[in-house]
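Worksheet: one structure, shown below.
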Amino acid sequence: MKQITLFLIPTPGAKPEFLATVKAEWQGVQVPSNINLEGYTREPWAWKPNPNAWTELIVTSVDGRNKLPGFVKYLKERQKCAFGRFSANTVIVASYIQKKDALVEKNEMSVRVCMDMGKIENCPLYKGNKEKLAVASKGNPLTLKPKKSGILGNLLGAQSRTNNHMANVAKRKPASNGPTAAAVEPSEQPQQQQGEEARTAQQVLAEFRQKMEEEMLDFDSCSETVVKVRIVLSDIQKGLNDEDKARINMDVLQYIVYEAAEECNEEWVAHKETSEFLDVSIIAIYKEGHAPEEALEELNRVEMTEDMIGEQRAMQEQHRKKALEENKNIDAVHKKALEEDAGENGVEALNTNRRDRRTIEEIQAESNKRTRQ
C-alpha cells in the first residue's frame with residue numbers, strides 16, 4: 001500500500017492546507033506522493049457513475065488527526081465533490097456519494113481516479129472539450145475579428161456589426177395609445193433580463209439564505225477564526241419592484257445572517273460592526289474563544305421588554321413602601337421614648353390637643369398678672 005498526502009485548497013488562490021495522509025491499494029494507478037484538492041463542484045461529471053472512466057478506491061487515514069470524517073460530513077451536507085488534478089489528463093475526486101464499504105468511523109473515504117479525462121462526459125477540465133468549444137465559436141460572425149481591408153472596408157464591417165447587434169435588441173412597447181408594436185416573445189429576450197424580471201422578494205431572500213448557509217459551512221471547515229459578512233442593501237434589492245423592495249430591509253437580512261451562524265454552531269459569536277453607510281452592514285462571526293471583549297459585552301447586554309420594565313417598577317414601589325414603614329416605626333419609637341422621659345421627671349402634659357378659647361385681652365391680662373407676682 002502506497003501512502004500519499006492530500007492537501008485542500010479552501011478558496012481559490014489560497015495556500016494548500018493539510019487534510020490527511022492516506023494509504024490504499026491503487027490498483028496500478030500511478031499517483032504522486034502529494035495531491036492538492038483544488039476545488040469543489042456539483043456537476044454530474046464528478047459523481048455520475050461511469051465504469052469505463054473511473055477507478056473506485058477506498059483510502060484510509062494513517063496520520064491520526066481524524067480529519068477525514070469531518071471532511072466527508074462536509075461533502076455530504078453540501079452535496080459537493082472535491083477534485084484535484086495531478087497531471088495534465090488525470091484527476092482524483094472525493095464525492096459526497098460514498099460507497100457503503102467505506103467506514104467513516106475507521107477514517108475511511110471512497111475516491112475515484114480517472115487516468116484519461118477524455119472518457120468523462122462534459123468534463124470542463126479536459127482540454128479537448130475547450131478546443132471543441134473554440135472550434136464551435138468560429139461559426140459565430142460576431143466573434144470573428146474584422147480583417148484589415150482599408151478605411152472603406154472597416155467602415156462597412158463596423159456598420160454590419162452594428163446592424164447585427166441592433167437586430168438582437170428587444171423591441172420596446174410604445175407608451176402612446178396608438179397602434180402597438182409587435183410584441184417580443186420571451187424566448188427572444190436575453191436570458192439574464194428574463195431572470196431579473198422574474199425575481200421576487202421571496203426568491204431573493206431564499207438565495208441570500210442559501211448563500212449565508214454556504215458561507216457558514218465554508219467558515220466551519222477552514223482554519224480561520226473570524227469571517228466578516230458585508231451586506232449591501234442596494235445590491236440585494238437590485239432588479240426588484242418597489243413592493244418587493246419594501247419587504248427586504250436590513251433587519252431581515254441581518255437576522256438571516258445571525259440565524260445561519262447559530263444553526264452552524266451555537267457557540268459562535270456574531271457582532272455587528274460600525275459602518276459608514278446606512279445601507280451597508282458588516283457582521284463579524286467569531287469562532288468559540290476568539291471573540292473580543294466588546295462583542296461579548298454586547299452579547300450579554302439584555303434588551304428590556306415591557307414585562308421586565310413592569311417588574312422593575314413593582315420592585316421600586318415595594319422598596320418605597322418598605323422605607324415608609326420603617327420611618328413610621330422609627331417615629332413611634334422616638335415618641336414612646338419622649339413619653340417615658342416625661343413620666344420619670346414628674347411632668348405630665350394634659351389637654352395638649354384642647355383649643356384655647358380665651359380672647360386676646362384675657363390672655364394679656366393673665367400674662368401681666370403672672371409678671372407682677
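How would you rank 15-26, 358-369, 44-55, highest first, on the average number of other Cβ atoms within 10 Å across their residues?
In decreasing order of mean packing, 15-26, 358-369, 44-55 become 15-26, 44-55, 358-369.
For the set TYR126, TYR74, solvent exposure ranked by accessible area (probe 1.4 Å, protein chains only) runs largest to smallest as TYR126, TYR74.
Put ARG209, ARG313 in order of accessible area, highest first, and with a 1.4 Å probe you get ARG313, ARG209. Solvent exposure of GLU121, expressed as accessible area, is near 120 Å², computed with a probe of 1.4 Å over the protein chains only.
The values are calculated or read from the model by the stated rules, or taken from the named source; none is laboratory data. The structure displayed is predicted, hence computed values, not measured ones. Positions of Cβ are generated from backbone atoms using ideal geometry, with glycine treated the same way; all protein chains shown enter the neighbour counts. Just the protein is used for accessible areas: all its heavy atoms, side chains included, with ligands, DNA and RNA removed. Shrake-Rupley method; radii C 1.70, N 1.55, O 1.52, S 1.80 Å.
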